[in-house]
Amino acid sequence: MTQPVAGDGSPAPASQPAATGPGQPGHVREWTVRISIYESGDDTHAQAVLLGDSPQHLQAAGDSHRSPDDPVVPEIGDEVAAGRALRHLAERLLVTADDDIAAVTGEDAHVRRS
């Protein structure tokens, strides 16, 4: 996905309409994912929070545990825990979309996961 740009080549402000098709204005939205990582010994816990337009933020967690036989490389535990948290967050977002579609249409919905 490309980010809209202003006339001078800088990123367009989040409130600036962007073209979505011939003659169709659109909106640019920016969501942020914040990941907090906590390490304690061989255990790493990551909390991912999706900060978007809604006052309620989606959250998910991921954990990793270093095997006693593995070398101590904290970055690997961070990557595993954060990756798991992001994977769980993505699933929560798709479930939310399922629920929102069902609420609007009155029918069960299941967004493809691919």
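The values are calculated or read from the model by the stated rules, or taken from the named source; none is laboratory data. Every value quoted in this text rests on a predicted model; they were computed, and no experiment measured them. Cβ coordinates were reconstructed from backbone atoms using ideal geometry, including for glycine residues, and neighbour counts include every protein chain displayed. Note: accessible area is taken over every heavy atom of the protein model, side chains too, but ligands, DNA and RNA are not part of it. Shrake-Rupley method; radii C 1.70, N 1.55, O 1.52, S 1.80 Å.
Assorted remarks:
- Residue list for segment 81-104, filter: open to solvent by 80 Å² or more (accessible area, probe 1.4 Å) and either over 13 Å from the mean Cα position of the chain (by Cα) or at positive phi (or both): 99, 100, 103, 104
- Candidates 113, 66 - the one that is loosely packed, with under 15 Cβ neighbours inside 10 Å and either without any contact (Cβ under 8 Å) to a residue 60 or more places away in the chain or touching a Pro at 6+ places or on another chain (Cβ under 6 Å) (or both): 113
- Listing of strands (runs of 3 or more DSSP E) fully contained in segment 11-92 that carry 1 or more residues being at pLDDT 95 or above: 32-40, 43-51, 58-65
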